[in-house]
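To keep things clear, I will list the structure first and then write my remarks on it.
Laboratory data are not the source of any read-out in this text; all were calculated from the coordinates shown. Owing to the predicted nature of the structure, the values given are computational and were not obtained by experimental measurement. When we count neighbours, we look across all protein chains shown, and the Cβ atoms used for this are built from the backbone with ideal geometry, even at glycine.
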Amino acid sequence: MSTNKNTGPIQISPDAKVLIVDDSSINLKVAVAYMARHSIKAETAQSGLSAIEMIRNKKYDLVFMDHMMPELDGIATVRRIRSLDGEYYKKLPIVALSANVASNSREVFLEGGMNDFIPKPIKYHDMSAILLKWLPNELLLHNNVPSSPLAETKEPLPRFDTAASAVSVGVTDLSISKGIGHVNGNKSVYVNILSQFCNGLDKDIYDIREFMKEKNREDYFIRLHALTGVLANIGNDFLSDWAAELATASKTGDIKKCMDQTEKFFNRMRKFRAELLQSSLMAEANKIGHEKKKISVASLTAKLQELSEFCLNCDTKGANALASELKKATLCVEADRFIDEICLFVEFSNYDLASSKCEELTVLIPQMAPDTIGE
């Protein structure tokens, strides 16, 4: 834990090793963007089991742990980490990330073995305070200028669109300023997570309906809880609050409220998606998609294997160059979605995850585009 109280503005060494754990790829991208604002190239894990494996294989300075995850939740994950042999596992700073802001949340997380708590959606100054508090002193670089806050290592946030507002783009309940602020002002990342939300909505709805049919309150709660954070991160507080209400209703046994309101919630989310897809906000993403050049299965497979090698070898120059090339390629909608994710992971230097996604896409290509195998 940092106890250095110098008065100069503090920058964080790029050598800081930070791991972020969350089952939502959208939430991970938002958190990684916050880290990038301090020149931290954070690594990510999408499950508790993956996080445990990564922590066993690498010494991290700080871990951010989502609370509600399927299979193994954040508290159960931390308890397993604390039970491992070695002082490192006992003292590793682990900070809870959760949309649960109940009055006793902090106490629950501390009793579960975590060191601190930061609520979702993440606020920049909250994250900065946590970094200053828990990173080792040697990673905090002090300048000789009197000031107290944690200094940004990036330029001020670029303006997303000086004329943009929920009204001007015709999207109900959307606060663009909040959404873009959550991703460090990075326009391409913001548009990407909006696209990812639109693409994944049907699966979310299908899964939640199945949970209701099976009377599976636990997974219903976990999925609605995750949507609470996702919707807040993209800038829709209205739908985020609604998702939180349904998650709470499930947790407290108010089944009638869940039955009465879930389909209405789905309809409002579909309306939101329809407005997003028709808005000027998404026009650039659609334009970029039309400008892409068709790539053959054989060529894409070869490039994915090459990119995976670059990532495994931490070849930044090679990985960035090939990722830039892949951004201009298109095979089919599902494959393109994978490619966009891979390129973002490369952009944030999450090479392990980028390599893993390359291998996953290589296996799935024949199922995604069976008619183009011979091309």
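I need MET269, MET35 ordered by Cβ neighbour count within 10 Å, fewest first. Don't skip to the answer; put the middle values down first.
Details: MET269 20, MET35 23.
Lowest to highest Cβ neighbour count: MET269, MET35.
Given axes a ≥ b ≥ c from the Cα gyration tensor, I'd like to know whether the stretch 59-139 is rounded (a/c under 1.5), prolate (a/b larger than b/c) or oblate.
In terms of gyration-tensor shape, oblate.
Can you give me the Rg/Rh ratio for the stretch 166-282, using Cα atoms for both radii and the Kirkwood formula for Rh?
Numbers: Rg = 14.4 Å, Rh = 14.5 Å.
Using Cα coordinates only, the ratio equals 0.99.
Just how large is the dipole of the stretch 292-372 about the Cα centre, in debye to the nearest 20, putting +1 at every Lys and Arg Cβ and -1 at every Asp and Glu Cβ?
Numbers: 9 positive and 13 negative charges, 77 e Å.
So the dipole magnitude of the stretch 292-372 works out to roughly 360 debye.
Residue separation times 0.36 nm, minus the C-alpha to C-alpha distance between ALA76 and LYS292: what's the value?
On the way: separation 216, 0.36 × 216 = 77.76 nm, distance 4.41 nm.
Length difference between fully extended and current span is 73.4 nm.
Assuming 0.36 nm per residue, please report the length gained on full extension of the stretch VAL333 to HIS125 beyond their Cα-Cα distance.
Taking 0.36 nm per residue and subtracting the Cα distance, the gain is 71.1 nm.
Filter the cross-link list LYS17/LYS90; LYS215/LYS271; LYS327/LYS357; LYS29/LYS294; LYS293/LYS327; LYS29/LYS91 down to pairs whose alpha-carbon distance in this structure exceeds 20 Å. Walk me through the numbers on the way to the answer.
Values: LYS17/LYS90 17 Å; LYS215/LYS271 27 Å; LYS327/LYS357 15 Å; LYS29/LYS294 27 Å; LYS293/LYS327 10 Å; LYS29/LYS91 27 Å.
Going by Cα-Cα distance, LYS215/LYS271; LYS29/LYS294; LYS29/LYS91 fall outside the 20 Å limit.
Take TYR88, project a point 7 Å from its Cα along the Cβ direction, then tell me which residues of the stretch 341-357 have their backbone nitrogen under 12 Å from it.
Under 12 Å, as judged by backbone N against the label point of TYR88, lies no residue of the stretch 341-357.
What full-extension length gain, to one decimal in nm, is calculated for ASP15 and SER324 as 0.36 nm per residue of separation minus the Cα-Cα distance?
On the way: separation 309, 0.36 × 309 = 111.24 nm, distance 2.53 nm.
Once the chain is fully extended between ASP15 and SER324, it gains 108.7 nm.
Residue farthest toward the positive end of the dipole of the stretch 171-277, with Cβ of Lys/Arg at +1 and Asp/Glu at -1: which of THR252, ILE234, ALA274?
ALA274
In terms of the Cα gyration tensor, with a ≥ b ≥ c the square roots of its eigenvalues, is the stretch 292-372 rounded because a/c is under 1.5, prolate because a/b exceeds b/c, or oblate?
Prolate shape, in that a/c is at least 1.5 and a/b is the bigger ratio.
How many nm is it between the label spots at LYS213 and GLU111, if each spot is 7 Å from the Cα in line with the beta carbon?
Going by the 7 Å Cα→Cβ label model, 3.8 nm.
Hey, what did the stretch 193-308 get for relative contact order, percent, Cα under 8 Å, at least 6 apart?
Numbers: 62 pairs, mean separation 22.8, N = 116.
Computed over the stretch 193-308, the figure is 20 percent.
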